[in-house]
Amino acid sequence: MCGIVGYVGKRDCTDVLINGLSKLEYRGYDSAGIAVFNKNQKIEVAKSKGRLQNLVDKMNADGKPMGNAGIGHTRWATHGEPSDVNSHPHSGGRVTIVHNGIIENYKEIKDYLTDKGVSFASDTDTEVAAKLLDYNYNGSPIKTIMDTIRSLEGSYALGIIFADHPNVVYAVRKESPLIVGVGEGESFIASDVPAVLEYTKDYYLLEHEEIAVLDNNGVKIFDSFGRPIQKELKTADWDVEAIGKGGYEHFMLKEIHEQPTAIRNTIKPRIKDGLPNLEECGITPQVLREFRQIFIVACGTAMHAGMMGKYVVEKLAGVPVIVDIASEFRYRDPIVGEGDLVIIISQSGETADSKAAMHLAKEKGAKTLAIVNAMGSSIAREADMLIYTHAGPEIAVASTKAYMVQIAVMYLFAFEMALAVGKIDENECRRLVSLLEKTPDMIENLLEHKETTQYIAATLINADSLLYIGRGLDYALSMEGSLKLKEISYIHSEAYAAGELKHGTISLINEGMPVIAVATQQALFDKTISNIQEVKSRGAKVILVCRDSYQPEQNTADMKFGLPDFDDMLMPMLAVVPLQLIAYYTSVHRGNDVDKPRNLAKSVTVE
Ligand code: F6R
């Protein structure tokens, strides 16, 4: 959603805040702002609508706040349009704050404060929290924060400064993530580790309603009753290079190229003697045999990885799998309970709907398994069992490498489950695992031949709308290909099960409409080709993603992206790469901001 940072130390605070915000811009980027204690110990605020660069340009023109302590924010608007006045930080008089999350009862509080004569400049819930803090302020920041958070409903991570406590930064959180970075003679707060990685790898994970105080003596943390507590200092295993573009034009392209390494890092520790081994994640054959059905609950791309998981688990292990969009699952009173496994897939581990779905599953007595990329995130901490994907930080808003490792984990899980329930024997399981181990090398090869995807993308740039079609695993993959294209190219697209088109959607096909057909499943190949001919004969321009060995007849495809011969079941791990690249190059050709598509944010911590 939004990204927040804070700093206390000896460095130029504005530089540290801007640098930290630049690593958090993936969380939101419609406005940015900072508040810094200047050399006269007064709070100076600079903020601007638009990208972080607008704020930098503004400060270059007007002068930047100079000091050693402050807070900063990059916003994804929830209450109030993106504008200078709605940008954070917001001030309540003596108190200035930055906020990530949503204060659900902000209207009630606003009415209460308005009755008391308090006035408001912005439309935000954040200003309400700032004004409430100021209203409650009694000279003791910790006591004021404790009193105030009792009145706040919803989610928040707050960075707070008090005008009469110069060079001290306070922080508190509920639901929204917040870490406290600890360096040599300096300390930080941030929504996510990458914001501080350049300065320190050591950090505390702030828990619900804990209050952090950062000053020139270091960091102190208090519980919600104001009692000092000791916390375990964690060390991030990501390095600074992982959060740079490494010579690539965009993070998305870099992350597409990181997929082979991400797969290796994710599967290697979970393979022992050629067989899957998820014991360190709490998953044993005995545990797996207990489940009568599985739910996979997630949002967006992560949900598409779940679709892939459904096909593979059902096919191999013969256990029924229901895939649900988290925002639907949580409100449809699902028939789930003891004896069921609910798998939550999430890159960020903070997605509000996925988190709520997990809580519901637990309440109903199901066991939960989280497949998460972000270390220490809420979903990772709260699930009964946990498989971390080791994709490293994913910065581009459009997910690529996180999706790839989510499906790699789904494969491993399916292999282990199939073995546990006796649907495959050890030999077959070893064969499947060794195929999975081959995928990184095969993807590396594919990435050496990107020209075809560049060419295909060039033919799409003026399209108004297109379709992705496929059957079985190829249908699951089409959903992801279509989402990737629309979110970064802004071209409308839909994914359809190829056999479903003729039940209505085929009427959309007109002369020259692009249709991307994914046909990697040999058992379904002829069926898909028939569906392709149906659209081709109605004027569609067909781009076929299939095995290279297939030579399309004249009336089948206009363009082809050829894939190497490989096992049907694992084919999607290869086929997703051209789909990602087609989306990427289409966005580049259209001159879009690939890494930060409009209206989106990386981590969706609101409903
Ligand atoms: C699309 C994309 C989103 C996320 C979705 C869930 O490229 O990244 O659809 O997959 O918002 O996010 P996580 O995985 O963080 O729960």
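The values are calculated or read from the model by the stated rules, or taken from the named source; none is laboratory data. Bear in mind that the values here come from a model prediction, so they are computed numbers and not experimental data. We place every Cβ from the backbone using ideal geometry, glycine too, and count neighbours over all the protein chains shown. The accessibility values were calculated without ligands, DNA or RNA, using every heavy atom of the protein model including side chains. Shrake-Rupley method; radii C 1.70, N 1.55, O 1.52, S 1.80 Å.
Within the chain, DSSP assigns beta bridges of which about 60% are antiparallel (rounded to the nearest 5).
Once the C-beta distance of S119 and A458 is scaled by a Förster radius of 41 Å, the resulting FRET efficiency is 0.15 to the nearest 0.05. In this simple spin-label model, placing a label point 7 Å from the Cα along the Cα-to-Cβ direction at both K268 and A61 gives a separation of 5.0 nm. In the chain, a dipole from Cβ-located charges (positive for Lys and Arg, negative for Asp and Glu) runs towards its positive end, and of V321, V45, V98 it is V45 whose Cα lies farthest in that direction. At full extension, Q53 and N599 could sit 194.8 nm farther apart than now, given 0.36 nm per residue minus the alpha carbon distance. Tell me which aspartates and glutamates have Cα within less than 17 Å of K272's Cα, excluding those fewer than 8 residues away on the same chain? Straight-distance partners of K272: E280, E416, D425, E426, E428, E437. Packing, as the average of other Cβ atoms within 10 Å across residues, places the peptides 572-578, 209-215, 504-510, 32-38 in the order 32-38, 572-578, 209-215, 504-510, highest first.
Here the Karplus relation 6.51 cos²θ - 1.76 cosθ + 1.60, evaluated at θ = phi - 60°, turns the backbone of region 569-579 into coupling constants of 4, 9, 3, x, 5, 8, 5, 5, 4, x, 5 Hz, with x for every Gly and Pro. The heavy atoms of I267 present about 10 square angstrom of accessible area, all protein chains included, probe 1.4 Å.
Subtracting the Cα-Cα distance from 0.36 nm times the residue separation, let me have the gained length for E511 to Y248 in nm, one decimal.
My answer for the length gained is 91.0 nm.
Across region 242-251, rounded Karplus estimates of 3J(HN,Hα) from the backbone phi angles (6.51 cos²θ - 1.76 cosθ + 1.60, θ = phi - 60°) give 4, 9, x, 7, x, x, 7, 5, 9, 4 Hz, Gly and Pro being marked x. To the nearest 10 degrees, how steep is helix 13-24 against the longest Cα principal axis of the chain, on a 0 to 90 scale? The two axes meet at around 20 degrees.
The alpha carbons of the chain occupy a box of 77, 54, 45 Å along the principal axes, longest dimension given first. Have a look at V168, S478, A540 and report the one farthest towards the positive end of the charge dipole of the chain, computed about the Cα centre with Cβ charges (Lys/Arg +1, Asp/Glu -1). Toward the positive end, the furthest listed residue is V168. Basic side chains Lys and Arg get +1 at the Cβ, acidic Asp and Glu get -1 at the Cβ, and with that the dipole of the chain about its Cα centre reaches some 420 debye. With a threshold of 18 Å on the Cα-Cα distance, the over-threshold entries among K110/K355; K58/K596; K201/K596; K42/K64 are K110/K355; K58/K596; K201/K596.
Put a dot 7 Å past the Cα of V421, heading toward its Cβ, do the same for N555, and the two dots end up 4.3 nm apart.
Hey, for a label at Y490 modelled as a point 7 Å past Cα toward Cβ, could you say which residues of region 576-605 have their backbone N under 14 Å away? Under 14 Å, as judged by backbone N against the label point of Y490, lie 587-600 of region 576-605.
Remark: C-alpha extents of region 474-532 on the principal axes read 33, 23, 18 Å, sorted largest to smallest.
Determine the calculated [θ] at 222 nm for the chain from helices alone, applying -39500 (n - 2.57) to every DSSP H run no shorter than 4 residues and normalising by the residue count; nearest 500 deg cm²/dmol. Let's see the in-between values first.
On the way: 18 runs with 214 residues, N = 607.
It lands at -11000 deg cm²/dmol.
With only the Cα atoms considered, region 130-182 has a convex hull volume of 78 Å³ per residue.
Mind ranking 581-591, 132-142 by how tightly packed they are, going by the mean number of other C-beta atoms within 10 angstrom, highest first?
Ranking the peptides 581-591, 132-142 by packing returns 581-591, 132-142.
Could you order the peptides 453-465, 414-426, 432-444 from most to least packed, using the average number of other C-beta atoms within 10 Å per residue?
Peptide ranking by packing, descending: 414-426, 432-444, 453-465.
Cross-link partners of K268 among lysines, defined as those whose alpha carbon lies under 20 angstrom from its own and excluding same-chain residues fewer than eight positions apart: K401, K438.
So which GluC sites (Glu not before Pro) in region 458-542 are both in a DSSP loop and have at most 14 other Cβ atoms within 10 Å of their Cβ?
E511
A straight Cα-to-Cα reach below 12 Å connects K220 with the aspartates and glutamates E210, residues fewer than 8 places away in its own chain not being considered. When only alpha carbons are used to place a centre, region 68-86 and region 118-154 end up 17 Å from one another. The charge dipole of region 407-460, taken about the Cα centre with unit charges on the Cβ atoms of Lys, Arg (+1) and Asp, Glu (-1), comes to about 140 debye, rounded to the nearest 20.
Put a plus charge on the Cβ of each Lys and Arg, a minus charge on the Cβ of each Asp and Glu, and nothing anywhere else: the dipole of region 167-229 about its Cα centre is then about 140 debye. With all projection directions averaged, the alpha carbon convex hull of region 506-599 covers 7.4 nm². Remark on G154: its backbone amide H falls under 5 Å from those of E104, a criterion applied only to residues 5 or more positions apart or on other chains, H modelled at 1.01 Å from N.
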